[in-house]
Each structure stands twice: as structure tokens, then as C-alpha cells.
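The values are calculated or read from the model by the stated rules, or taken from the named source; none is laboratory data. These numbers were taken from a predicted model, which means no experiment stands behind them. So basically every Cβ, Gly included, is an ideal-geometry build from the backbone, and we count neighbours across all protein chains shown. Keep in mind that these areas ignore ligands, DNA and RNA; they rest on the heavy atoms of the full protein, side chains included. Shrake-Rupley method; radii C 1.70, N 1.55, O 1.52, S 1.80 Å.
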Amino acid sequence: DKGPELKRYEQNQLRFARRPFVAVPISKLFTAIRNARIVYLGDFHTFDQNSKNVERILKLLVTTKLPLCIGIELVHSRHQHLINHYLKSNITETEFLQMIQYQESWKFPWHHYRAFFQLAKKHKLKVLALNTSGTLKSRDLKAAKLIADFFQHHPQAKMLVLFGEMHITPNKLPQLVKA
């Protein structure tokens, strides 16, 4: 049974999802992405095509040579040091997944996210762990603080935030980030 907070988040997300959409050329989308400091992309955790679309966007962004960080919900913030070790090849992929307890903590297929880490390794991108514990609202607040703290130390950076679709409606995580 869903609690009242989750029901409110779902209703809010559905309200934004039902708004009219306008088709735009891909060139306009990428211009908007290049001009944005933070790009929020909804992670539909069980939808493999979503990951493939994010990968396409990342592949384009790395060719622009912009200073880029990928903010991700799938790893708890307490494991940031393990992301750093994995990206520097100090630990293997298997060790990384075991150390962050991926199967117990995330439960969505690793192959949906593996390409993001491979691109980060290849292009020396930073990856910021944004997941935390608590209520949905407190998790958004904590993620917003992590993003703002990152920008204090990396003021020239851009960030692509991959977070659950219910968290990235304009009145949730994006409104809370003070960067």
C-alpha cells in the first residue's frame, strides 16, 4: 500500500506529465542543454529505453568538451568515495557493485547505468552520488544540498542530473537547488 507522501508525489508528477508537449528539433534540445547549468533528466528506473536516451545525450555532451558532472540517484552519497575509486580504476566493476551493495540497494538492472560510468571513465567526468535515506521530501532536500555543495567547489561545471521522474518536476528537486 502506498503512503500519502508517495501518492502526492505520483499525483504531482502525473499533473506535469499531462501538460501539453511540443515537438522540437533535436538541435534545439541540445542547444538548450548546452546553455543550461543543470539538466534534469527523469530516470524511469525500469524502462531500458530511458537509459539509452540518456546515454545518447551524454555522448553528445562529451563531444562538446564542456566541464560535466553526472549526478545520479542510483548510488547513496555515503559511497561517493567508491565511485571515485571505481572511476580511477582502483577497484573493479564487480568490487564496486559489491561494495555499494548494488543488488540490495537499487534493484534495477545495472546494464541500464553501466554506460554512464564507462563514459565518465573514458572522458574523466565526475559522477556525484545523490541518493540518501529518509522521506521523499528529505531525500530531495539532501540531494539539492549535495548539488549546491558541488557547484560551490566547481563553479564552472555543468551537471546532468539523473533522478527518479517523480523528483524532478519543477516544484521538487529543481526548485530546491540553490546553485
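When region 1-11 is examined, which residues are found to be more than 14 Å from K172 (Cα to Cα) and open to solvent by 100 Å² or more (accessible area, probe 1.4 Å)?
Let us first name the residues in region 1-11 that are more than 14 Å from K172 (Cα to Cα), namely 1-4, 7.
Result: D1, single match.
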Pair list, Cβ under 6 Å, 6 or more apart: region 49-60 residue in a helix (DSSP H, G or I), other residue open to solvent by 70 Å² or more (accessible area, probe 1.4 Å) and not polar (S, T, N, Q):
N50/F44
First in region 15-26 and modelled with pLDDT under 85 and of a type outside the set (D, E), second anywhere and open to solvent by less than 100 Å² (accessible area, probe 1.4 Å) and assigned to a loop (DSSP other than H, G, I, E, B), Cβ under 6 Å, 6 or more apart:
F16/T169
Leading residue by the ranking (least open to solvent (accessible area, probe 1.4 Å)) among those in region 12-33 that are under 16 Å from L173 (Cα atoms) and among the polar types (S, T, N, Q):
N12
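Residue by residue, here is whether (1) among the hydrophobic types (A, V, I, L, M, F, W, C); (2) over 17 Å from I168 (Cα atoms); (3) open to solvent by 30 Å² or more (accessible area, probe 1.4 Å); (4) in contact with an Asp or Glu (Cβ under 6 Å, 6 or more places away or on another chain) holds:
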| site | (1), (2), (3), (4) |
| --- | --- |
| K59 | no, yes, yes, no |
| K65 | no, yes, yes, no |
| I70 | yes, no, no, no |
| Y86 | no, yes, no, no |
| Q103 | no, yes, yes, no |
| L119 | yes, yes, no, no |
| K122 | no, yes, yes, no |
| D140 | no, no, no, no |
Looking only at residues in region 155-174 that are within 18 Å of I33 (Cα to Cα) and of a type in the set (S, T, N, Q), which one is nearest to the chain's Cα centre (by Cα)?
T169
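So, in region 4-14, exactly how many residues are touching a residue at least 40 places away in the same chain (Cβ under 8 Å) and of a type in the set (A, V, I, L, M)? So that I can check it myself, show each step before the final result.
Looking only at region 4-14, we keep the residues that are touching a residue at least 40 places away in the same chain (Cβ under 8 Å), and these are 5-6, 9-10, 12-13.
From the residues that got through so far, the ones that are of a type in the set (A, V, I, L, M) too are 6.
Adding up the residues that qualify gives 1.
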Qualifying positions in region 118-141 - closer than 16 Å to S77 by Cα and of a type outside the set (D, E, K, R):
V127, L128, A129, L130, N131, T132, S133, G134, T135, L136, S138, L141
